[in-house]
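The next block holds one structure in the form of structure tokens; read it before the comments.
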Amino acid sequence: CIATGKPQYDNNGAFTGYIGACVDITEQKLLQQQKDDFIGIASHELKTPVTSIKAYTQILERMLLKKGDEKEASMIGKMDAQINRLTSLIGDLLDVTKINSGKLQFNDRNFEFNELVQEIVEDLQRTTEQHHLIENLEDIGVVFGDRERIGQVITNLITNAIKYSPNSDQVVIGTKLVENEVVLCVEDFGVGIAGDKLNRVFEQFYRVSGDMQHTFPGLGLGLYISAEIVKREHGRIWVNSEPGKGSKFCFALPMKKRSTK
Ligand code: ADP
């Protein structure tokens, strides 16, 4: 029940009672729960066939390459890239249901921060033709946190930077230590975001609508999930941007959680 109301006083200022209303939200909660359950079950059901299709396309690609059928292999390679997109969309939907039901799991441990960044950049550069991913990495050392989840945030910021800068050829990824925090920033020189929408981009399902020239695919979940992960790792995430010039997304994680082991 959501309660709203005010205390009441007589002419002498003495408390006489309380008038309020209580709106029963049981049904609303139930509907939300059913919606979350549906998204969870549907994405789980989609995951299995997509995983199987991916395995077969990879076998097919290898067979074609072995036979020397380069053109066909490259077509299968493109299919594989689309399957990866689908896998990542399904993953995002699953993560959102986990966040909403408080079941997003974290497995914190020590890991080499820049090594993770380099791994991701190398991986993304392989499938990115137009953009040059420039690394500007200060020595960070070991950080304590969930390597996979933090990697998910980094991947999300870089893929967004690539996606939202169709007329540019550079994305800069920087890491640095600022006082007791490790800070990672991803800068692009793309479409940018208007000031009044800057804070909203971290909301669930929020998408800035593109102009006539640019329509970008997406569900509006990546930044919401990233913000949730950073929050759960006791960090902060923010963005600076200028329409038509580009955006700089950064997150900071505390180093104080770092174990000496
Ligand atoms: P999606 O990219 O699937 O829409 P996100 O949650 O990753 O979802 O991003 C939310 C919105 O924030 C996007 O729809 C886009 O409008 C804006 N956005 C995110 N990253 C950038 C960027 N690097 N440059 C410009 N706009 C961005």
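The values are calculated or read from the model by the stated rules, or taken from the named source; none is laboratory data. Note that the coordinates shown come from a computational prediction; the quantities given were computed from them, not determined experimentally. When we count neighbours, we look across all protein chains shown, and the Cβ atoms used for this are built from the backbone with ideal geometry, even at glycine. These accessible areas exclude ligands, DNA and RNA; they are computed on the full protein's heavy atoms, side chains included. Shrake-Rupley method; radii C 1.70, N 1.55, O 1.52, S 1.80 Å.
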- Excluding residues fewer than 8 places away in the same chain, name every one of the aspartates and glutamates whose C-alpha is closer than 18 Å to that of Lys47. Asp36, Asp37, Asp80, Asp92, Asp95
- Query: Pick from Asp24, Asp139, Asp108: which is most flexible by mean-square fluctuation in a GNM of the chain where alpha carbon atoms under 10 Å apart are linked?
  - Reply: Asp24
- Item | Theoretical gain in end-to-end length, Thr16 to Ile59 [0.36 nm per residue, Cα-Cα removed] | 7.7 nm
- What's the Kirkwood radius of segment 1-81 in Å, using all Cα pairs? 18.4 Å
- Item | Hz values of 3J(HN,Hα) by residue in segment 119-127 - Karplus curve (6.51, -1.76, 1.60), Gly and Pro given as x | 4, 5, 4, 4, 5, 6, 5, 4, 9
- With only Lys, Arg, Asp and Glu charged, each at its Cβ (+1 for the first two, -1 for the last two), find how big the charge dipole of segment 98-204 is about the Cα centre; round to the nearest 20 debye. 580 debye
- Item | Surface per residue (accessible, 1.4 Å probe) for the chain, Å² | 63 Å²
- Query: Taking chymotrypsin sites (Phe, Trp or Tyr not before Pro) that fall in a DSSP loop and have at most 13 other Cβ atoms within 10 Å as cut points, what is the longest piece of the chain between them?
  - Reply: 1-105
- Starting from the Cα of Lys78, draw a straight line to each of the aspartates and glutamates and keep only those under 18 Å, dropping any in the same chain fewer than 8 residues away. Glu61, Asp69, Glu70, Asp123, Glu129
- Task: Could you check which residue among Cys185, Cys22, Cys250 shows the biggest mean-square fluctuation in a GNM of the chain with a 10 Å Cα cutoff?
- Result: Cys22
- Note on the structure: Carbon and sulfur atoms account, in whole percent of the 1.4 Å probe accessible area of the chain, for 53 percent
- Message: Based only on Cα atoms, what mean projected area does the convex hull of segment 78-155 have, in nm²?
- Response: 6.2 nm²
- Query: Hey, if you put +1 on the Cβ of every Lys and Arg and -1 on every Asp and Glu Cβ in the chain, which of Cys250, Thr215, Gln28 ends up farthest toward the positive end of that dipole?
  - Reply: Gln28
- Item | Of Tyr164, Asn110, Leu124, farthest towards positive along the dipole that unit charges on Lys, Arg, Asp, Glu beta carbons give the chain | Asn110
- Give, in nm to one decimal, the length gained when the segment between Lys66 and Arg200 is fully stretched (0.36 nm per residue of separation minus the Cα-Cα distance). 43.3 nm
- Task: Order Val171, Val208, most accessible first, counting only protein heavy atoms with a 1.4 angstrom probe.
- Result: Val208, Val171
- Task: Can you check what the Kirkwood hydrodynamic radius comes to for segment 1-160, Cα pairs only, in Å to one decimal?
- Result: 20.7 Å
- Which residues in segment 30-64 have a backbone N closer than 20 Å to a point placed 7 Å from the Cα of Cys1 along the Cα-to-Cβ line? 30-31
- Item | Cβ charges +1 (Lys, Arg) and -1 (Asp, Glu), total dipole of the chain, debye | 420 debye
- Item | Neighbour-limited loop hits for GluC sites (Glu not before Pro), segment 163-249 (at most 16 other Cβ within 10 Å; DSSP other than H, G, I, E, B) | Glu179, Glu203
